Each structure stands twice: as C-alpha cells, then as structure tokens.
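Data block below; observations after.
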Amino acid sequence: MKSPLLSLPGAVSAEGVDEGVAAHYGDLFREQRALADGTGFVDLSHRGVVTVTGEDRLSWLHLLLTQAVSDLPAGQATEALILSANGHIEHALYLVDDGATVWAHVEPGTREALVGYLESMKFFYRVEVADRTDDIALVHLPAGSIAAVPEGVAVRETPYGRDLFLPRAELAEWAAQAGPPAGLLAYEALRVEQHRPRLGFETDHRTIPHELGWIGSAVHLQKGCYRGQETVARVQNLGKPPRRLVFLHLDGSEVHLPPQGTGIRLADDGPDGRKIGFITTSVRHHELGPVALALVKRNIPVDAHLVAGDTAAAQETVVAP
C-alpha cells in the first residue's frame, strides 16, 4: 500500500518490508535532529492495524498474549508478543485500549497471519477481530511534540512519542499541518539508539523474548495461560538465553554500513575466526555516527572487541550475559 506522502518534495521510498513509505525526504540527519527535538512526524502507514472489540476483548487477549492486559486501563499503552508452542516469537503487537476497542499496530506483512490466528482462537468469547489497515493509517509523533491530534483518533502514548491511528483518507490533509515529515531511516536511527528491538530485524525463527530484553516490557512473568509460557518460565528460572542483544559502535572510517545478517567475530580471532553473532539493524546516527544492534552468543565477554564483516565494532550491553 503506497502512502500518498510519497508525493511530498524529496521523498524517497523505503525498500524491503518498509516499501510504501518514505525512507527519507532528502536530509537524513536533519530529519533525525527534528525528531530528537520533538518536531515533525513519521509516516508509518505501511504497518498493519488490527482491532479487537467486544465485552471479552481484554480477558480474551490476556489468555493469548505474553503481557497482562485483563485490567489494562483505557488509554494506557503496552506491547505484547505471541509465541509459538516452543516459546519462539511469532508476532509483536503495540496496543492501546480506548475503552471500547483494542487498537494494535504490527509489522508490515504480518497482519493476515495474526488475524488468522486470532480468529481461530475466538471460540465462545464475545469478541470481534478486524483488519483495519485499509482504512486506518499509523503515524508517529516524537516525544515532546505539540502537533494537534484530531478529535476521536485513538492514540498510543509511550516515552518515545505518540502513535496515532488516523483515518487513511485524512492522512494527506493532516500531514500538511503536522510539521516537517521525517523518513523511516530517521525513526530507525532513534530506535537503534534506544535499544528497541523490532520483529523481523532483531528476531529470527528461533528468537525467544529473553534474548532481546522484552521481559517486562512485553512479557509479564506473573501471568500464565499463554502459548510458549513454559519456555519463558524455564529460561527465567533455570537458565540463560543462548544469545543476547548488544549495541555496537561501528568504525566510522568505513564508507558502507554492514547490512543485516553480516556475521560478527571476535577481533582477536583474526579474519578466519568463528562467527559468534550477526548484525540485526545498522544505521547512521546524527550524533553517534554508525551504530547497530546485533545478536551475539551469550557468553561473549562484554568488553570483547568485535568485527562485523570487515568493520571494527565496540559493544555496549543491552541484555546482560
């Protein structure tokens, strides 16, 4: 679904799963600084939007999600995962309940599978699941923004900013008065700086929540009754995850960023060293320079010097060994 905001001056379309919205509008670092200063907005209208209505919506979702939502107050944002039976991450949902409807936005390309799973789990519960992506567009206002929010629009407010569920037909008109647009690359640079994982980037087919620091923010350890709970409890109580998320400062003298999937080795092992991890997201930050998120084996020392492909990297701990 192509955003109408791609017609704005300087807009260059994103690629891959983010195709359909702008990667940038001609000045990546200016756009980053604007978001960091609390001005502008980000077009995230390529993301899926799913709603759940009905009297049982919160108690029903509580049984399916990793997060405790049975008593979620209206207007309070949260995030949650859906796991496989083996505890691997399948879906990430970013939620808010407005008192009558649970609104969730999800990664591009995942909404159909999510809706299919939710529909299969309805049974006798009084709930209705709807894919609203065709008529609702997501936009993001950075923390500190004073941009006007249209009346009646569902808002998900977090420490990082506000997610607005706008009628898609009103997107272009709203954007015209919302301040300077910032592209997805600027949004991603701040996400990496904030150490926030993203489904499909920091995850693969065997990722468990502990590896990414999603325990607490997306996984509630004092609730049960969800698929994959046994793995979460076993790792929490008896062991450690096999990998851990790290933040990398990359050698700024390199022209190219190491792309997603680039293998990581210990610098001391030389060019033929074994692979001990891989890059998940790499970006150019307006203050920090080239940085990345990566998954490495849990037992790699926190002070070890790393090499991503041919690029030297110094790590900061996100998830403790």
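Listed here are the residues, each with its yes/no results for (1) in contact (Cβ under 8 Å) with a residue 40 or more places away in the chain; (2) small (Gly, Ala, Ser).
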site: 13; (1), (2): no, yes
site: 21; (1), (2): yes, no
site: 32; (1), (2): yes, no
site: 47; (1), (2): yes, no
site: 74; (1), (2): no, yes
site: 77; (1), (2): yes, yes
site: 93; (1), (2): yes, no
Of the conditions (1) surrounded by 19 or more Cβ atoms within 10 Å (Cβ to Cβ); (2) out of contact with any strand residue (DSSP E or B) (no Cβ under 9 Å at 6 or more places or on another chain); (3) charged (D, E, K, R), the single one that residue 243 does not satisfy is (2)
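Select from the stretch 282-305 the residues that are closer than 19 Å to residue 241 by Cβ and either acidic (Asp, Glu) or touching a strand residue (DSSP E or B) at 6+ places or on another chain (Cβ under 8 Å) (or both) and list them in ascending order.
Here is the first cut: in the stretch 282-305, the residues closer than 19 Å to residue 241 by Cβ are 293-302, 304.
The answer is 293, 294, 295, 296, 297, 298, 300, 302, 304.
If I filter the stretch 43-52 for residues that are open to solvent by less than 20 Å² (accessible area, probe 1.4 Å), in a helix (DSSP H, G or I) and more than 18 Å from residue 162 (Cα to Cα), do I get at least one hit?
Within the stretch 43-52, the subset open to solvent by less than 20 Å² (accessible area, probe 1.4 Å) is 43-45, 47-52.
Filter once more, keeping what is in a helix (DSSP H, G or I): none.
Scanning the stretch 43-52, I find no residue that is open to solvent by less than 20 Å² (accessible area, probe 1.4 Å), in a helix (DSSP H, G or I) and more than 18 Å from residue 162 (Cα to Cα), so the answer is no.
Restricting attention to strands (runs of 3 or more DSSP E) lying wholly within the stretch 210-299, give those where 1 or more residues are of a type outside the set (Phe, Trp, Tyr), in contact with a helix residue (DSSP H, G or I) (Cβ under 7 Å, 6 or more places away or on another chain) and under 24 Å from residue 86 (Cβ atoms).
By residue number, 243-250, 289-297.
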Within the stretch 272-292, of all residues that are over 18 Å from the mean Cα position of the chain (by Cα) and among the small types (Gly, Ala, Ser), the one surrounded by the most Cβ atoms within 10 Å (Cβ to Cβ) is 277
Which of the following residues is modelled with pLDDT of 95 or more, among the small types (Gly, Ala, Ser) and open to solvent by 20 Å² or more (accessible area, probe 1.4 Å): 217, 253? 217
Residues to consider are 189, 172; find the one that is small (Gly, Ala, Ser), outside any loop (DSSP other than H, G, I, E, B) and open to solvent by less than 40 Å² (accessible area, probe 1.4 Å). 189
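The values are calculated or read from the model by the stated rules, or taken from the named source; none is laboratory data. All values derive from a computational prediction rather than experimental measurement. FYI the Cβ positions are ideal-geometry reconstructions off the backbone, even for glycines, and counts take in every protein chain you see. For the accessible areas, the whole protein counts, side chains as well, though only heavy atoms, and no ligand, DNA or RNA atoms are used. Shrake-Rupley method; radii C 1.70, N 1.55, O 1.52, S 1.80 Å.
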